[in-house]
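The values are calculated or read from the model by the stated rules, or taken from the named source; none is laboratory data. All figures in this text were calculated on a predicted structure; none of them were measured in a lab. As a convention, Cβ positions derive from the backbone with ideal geometry for all residues, glycine included, and neighbour counts pool all protein chains shown. Side chains are part of the model used for accessible areas, which takes the heavy atoms of the whole protein and leaves out ligands, DNA and RNA. Shrake-Rupley method; radii C 1.70, N 1.55, O 1.52, S 1.80 Å.
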Amino acid sequence: MANTYTQLYIQLVFSVKFRDNLIEESIREEVQKYISGIISNHGHKSLAIYCMPDHSHILIGLSPKQSLSDLVRDIKASSSKWINEKKLTKTHFQWQNGYGAFTYGKTQLPTITDYILNQKEHHRKRTFKEEYIGFLKRFGVEYNQDYLFDWLT
């Protein structure tokens, strides 16, 4: 649409089904590049991405041409299909339902980019569950524990 100007920065967080550790280090960069390509092909900007074995963090510059929920659906569906077709994991790969989406201002980008790219170090001190619930609380998102990700016990 003419005369539409936006600056939308969103961090996406979502988990592998049942929080299985399926994204091994040997395939991590390849999966990240593929997801980044999906984002770019839909007209958005991939600013930072890091796939842990059981979850992913993605920072995007969102274009208003596509809804966030449609983008996440496309990322998950396309990447799952690709991972399975390429047989990159030992078992069937699937992302878990749902996701977290958190907004940031331009001045916050260096901090959140650094946070995402240093996930491996960050998770030596904090579990994904602690991290995710921390995001929900920090951003004032009401949630029902029954509908969060399926946590491993």
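Shown here for the range 80-153: trypsin sites (Lys or Arg not before Pro) in loop regions (DSSP other than H, G, I, E, B) with at most 16 other Cβ atoms within 10 Å, namely Lys86, Lys87, Lys90, Arg124, Lys125, Arg126. Summing Cβ point charges (Lys, Arg +1; Asp, Glu -1) relative to the Cα centre of the range 49-114 gives a dipole of roughly 200 debye.
Under the criterion of Cα pairs below 8 Å and six or more residues apart, the relative contact order for the chain equals 32 percent.
Counting only heavy atoms of the protein chains and using a 1.4 Å probe, Glu85 has close to 120 Å² of accessible surface. Distance between the pseudo-spin-label points of Ser69 and Lys33 (7 Å out from Cα toward the beta carbon): 3.4 nm. In this simple spin-label approximation, Glu25 and Gln108 carry label points 7 Å from Cα along the Cα→Cβ vector, and these lie 3.1 nm apart.
Computed over protein heavy atoms with a 1.4 angstrom probe, the accessible surface ordering of Ser40, Ser15, largest first, is Ser40, Ser15. Here the dipole of the chain is about 140 debye; that uses its Cα centre as origin and unit charges on the Cβ of Lys and Arg (positive) and Asp and Glu (negative).
As an exercise, identify the chymotrypsin sites (Phe, Trp or Tyr not before Pro) in the range 53-153 lying in DSSP coil whose Cβ has no more than 15 other Cβ atoms within 10 Å. Walk me through the numbers on the way to the answer.
Working: sites: Trp82, Phe93, Trp95, Tyr99, Phe102, Tyr104, Tyr115, Phe128, Tyr132, Phe135, Phe139, Tyr143, Tyr147, Phe149, Trp151; in loops: Phe93, Tyr99, Phe139, Tyr143, Phe149, Trp151.
Passing sites in the range 53-153 are Phe139, Tyr143, Trp151.
Taking the alpha carbon gyration tensor of the chain, multiplying each eigenvalue by 5 and rooting it gives semi-axes of 23, 20, 15 Å, largest first.
Loop only by DSSP, 14 or fewer other Cβ within 10 Å of the Cβ. Give me the chymotrypsin sites (Phe, Trp or Tyr not before Pro) in the range 1-62 that pass, ordered by residue number. Don't skip to the answer; put the middle values down first.
Numbers: sites: Tyr5, Tyr9, Phe14, Phe18, Tyr34, Tyr50; in loops: Tyr5.
Qualifying residues, ordered by number: Tyr5.
Listed values for the range 128-134 are Karplus-derived 3J(HN,Hα) couplings in whole Hz (6.51 cos²θ - 1.76 cosθ + 1.60, θ = phi - 60°), namely 4, 4, 4, 4, 5, 5, x, and x replaces Gly and Pro.
Once backbone amide H atoms are built at 1.01 Å from N, Leu59 has Leu12, Leu47, Ala48, Ile49 as its partners under 5 Å, excluding neighbours fewer than 5 places away on the same chain.
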